[in-house]
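Report on the structure given below.
The values are calculated or read from the model by the stated rules, or taken from the named source; none is laboratory data. Computed from a predicted structure; not experimentally measured. Positions of Cβ are generated from backbone atoms using ideal geometry, with glycine treated the same way; all protein chains shown enter the neighbour counts. Quick note on the areas: whole protein, heavy atoms, side chains included, nothing else; ligands and nucleic acids left out. Shrake-Rupley method; radii C 1.70, N 1.55, O 1.52, S 1.80 Å.
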Amino acid sequence: MDLRQLNYFITIVEEKQITKAAKRLHMAQPPLSNQLKIMEKELNCKLLDRNGRVLELTEPGKILYEKGKALLANFEDTISEIKEVGEGLKGVLSIGADQTCLSYLPEKIKLMHERYPNLCFKIIEGDTFFLKNSLVSKEIDLAILQQPIEDDNYFSIGLELQEFVLATPAQWHLPNPIQIEDLKDIPFLSFYRHRSCSTFRIIIDEFKRHGFEPNIICECIDIAMVISLISEGLGVTILPKTSLDKFSIHGIRIIQFSNCHIQSKANIVWSKDRYLAKHAMNFLELFTDETALRSSRIIRES
């Protein structure tokens, strides 16, 4: 017995006549009667008895009708859920993000939740190395990284450039703007997991370009902890200005540079060899719309 036959049987029960059921099913009466006989032969029992002009359920027929209705309803719900996931209405969107890029997410996730309230989100923080591995292992759908990945195996969308700033204890009276040479003997706090991290290298290379290396007194993988240490007067750090948006910066002073030109070149990336679900594509569209708007603004201003 298959779902098609089960649907035939339930329709006959609800219409109480083969003729009416056949009309509802848009089929001829003889084939429908034959399907009922096939079912009864397969189950080795009578499912319906004739009572005058109508058909009534036998005891086995009642069981098949109740169980069959529940089975068909569950099947239809499954099909609907699959379609909703395929259309991006349901499912889980897994997003990886560099700590310094988390500020790109709240507004976009809020928009996604408003448009697709049944969609769930999973946010995983990590550095470039970790997030690339997470993309390869398909633990995440997309990743937002501070610097682009130099790898042809990934697609990417460039996000708006952001300047790097100096976060310093509020009680320190450093000039604003400041020259990078003024940091030569100042304690520096690093929040990158690995010294091979592209953003870490860019910052260190900028120091070297000015003839010295920073006096790193602490390395910590948590920006929140680094911010707390700065507020306690332990040292300073350099990071994208937008990465401070989600933190309380009480006790922190933000200073711009007069001769440091490194920028945040954040990208949202995804693997070329992976099927991207509809909800992930919907999320990407939020960034492509923003990129198109920014491009048109640049064209108008030029």
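Applying the Karplus parametrisation 6.51 cos²θ - 1.76 cosθ + 1.60 with θ = phi - 60° to the phi angles of region 236-242, what ³J(HN,Hα) value in whole Hz is obtained for each residue in order, glycine and proline being reported as x?
Calculated HN-Hα couplings, in order: 10, 8, 10, 7, x, 4, 5 Hz.
Can you list the HN-Hα couplings for region 278-286, worked out from phi with the Karplus curve (6.51, -1.76, 1.60; θ = phi - 60°), rounded to whole Hz and with x for Gly and Pro?
4, 5, 5, 5, 4, 5, 4, 4, 4
Treating the beta-carbon of each Lys and Arg as +1 and of each Asp and Glu as -1, no other charges, what is the dipole magnitude of the chain about its Cα centre, to the nearest 20 debye?
The calculated dipole for the chain is roughly 1400 debye.
Using a ≥ b ≥ c from the Cα gyration tensor of region 1-122 (square roots of the eigenvalues), is it rounded, prolate or oblate, where a/c under 1.5 gives rounded and otherwise the larger of a/b and b/c decides, a/b for prolate?
Prolate, because a/c is 1.5 or more and a/b exceeds b/c.
Excluding same-chain residues fewer than 8 positions from K90, which lysines have a Cα within less than 26 Å of its Cα?
Straight-line reach from K90, under 26 Å: K69, K108, K110, K122, K132, K138, K272, K278.
What is region 74-230's relative contact order, in percent, from Cα pairs under 8 angstrom and six or more apart in sequence?
For region 74-230, the relative contact order is 21 percent.
At 0.36 nm per residue, and after removing the present C-alpha to C-alpha distance, how many nm does the segment from Y275 to Q17 gain when stretched out fully?
88.0 nm
What residue among I262, F191, S134 has its Cα farthest toward the positive end of the dipole of the chain, where the charges are +1 on Lys, Arg and -1 on Asp, Glu, each on the Cβ?
Of the options given, the answer is S134.
Just to verify a number: what accessible area does D152 come out at with the full protein assembly present, 1.4 Å probe, Å² rounded to tens?
Spelled out: D152, probe radius 1.4 Å, area about 130 Å².
Could you work out the relative contact order of the chain, using alpha carbon pairs under 8 angstrom and six or more residues apart, expressed as a whole percent?
It comes to 21 percent, rounded to a whole number.
I'd like the FRET efficiency for D182 and N118, computed as 1/(1 + (r/R0)^6) with the beta carbon distance as r and R0 of 45 Å, rounded to 0.05.
Result of the calculation: an efficiency of 0.30.
For H210, H279, give the ranking by accessible area with the largest first, probe 1.4 Å.
So, going from the largest accessible area down, we get H210, H279.
Could you report the chain's accessible area per residue, 1.4 Å probe, as an integer in Å²?
55 Å²
Round to the nearest 0.05 the FRET efficiency obtained for K208 and L234 when R0 = 25 Å and r is the Cβ-Cβ distance.
Rounded to the nearest 0.05, the efficiency is 0.60.
Check the straight Cα-Cα distances from K16 and name the aspartates and glutamates below 14 Å, setting aside those fewer than 8 residues away within the same chain.
D49, E56
Sticking with the crude label model, points 7 Å out along Cα→Cβ, report the distance from C220 to E76 in nm, one decimal please.
With each label point 7 Å from Cα toward Cβ, the separation is 5.8 nm.
Just check region 94-164 against the gyration tensor rule for me: Cα atoms, a ≥ b ≥ c as the square roots of the eigenvalues, rounded for a/c under 1.5, and otherwise prolate or oblate depending on whether a/b exceeds b/c.
oblate
Is it possible to state the helix-based mean residue ellipticity at 222 nm for the chain, with each DSSP H run of 4+ residues giving -39500 (n - 2.57), the sum divided by total residues, to the nearest 500 deg cm²/dmol? What is it?
The per-residue figure over the chain is -14000 deg cm²/dmol.
To one decimal place, what Kirkwood hydrodynamic radius in Å is obtained for the chain from all pairs of distinct Cα atoms?
24.3 Å
Could you derive backbone 3J(HN,Hα) for region 218-234 from the dihedral phi with the Karplus parameters 6.51, -1.76 and 1.60 (θ = phi - 60°), listing whole Hz in sequence and x where the residue is Gly or Pro?
7, 10, 9, 7, 10, 4, 4, 5, 4, 4, 5, 5, 5, 4, 7, x, 7
Counting pairs of alpha carbon atoms under 8 Å apart in space and at least six apart in sequence, what relative contact order in percent does region 1-138 give?
18 percent
Applying 1/(1 + (r/R0)^6) with R0 = 41 Å to the Cβ-Cβ distance of N34 and K138, what FRET efficiency is obtained, to the nearest 0.05?
Efficiency, from the Cβ-Cβ distance: 0.25.
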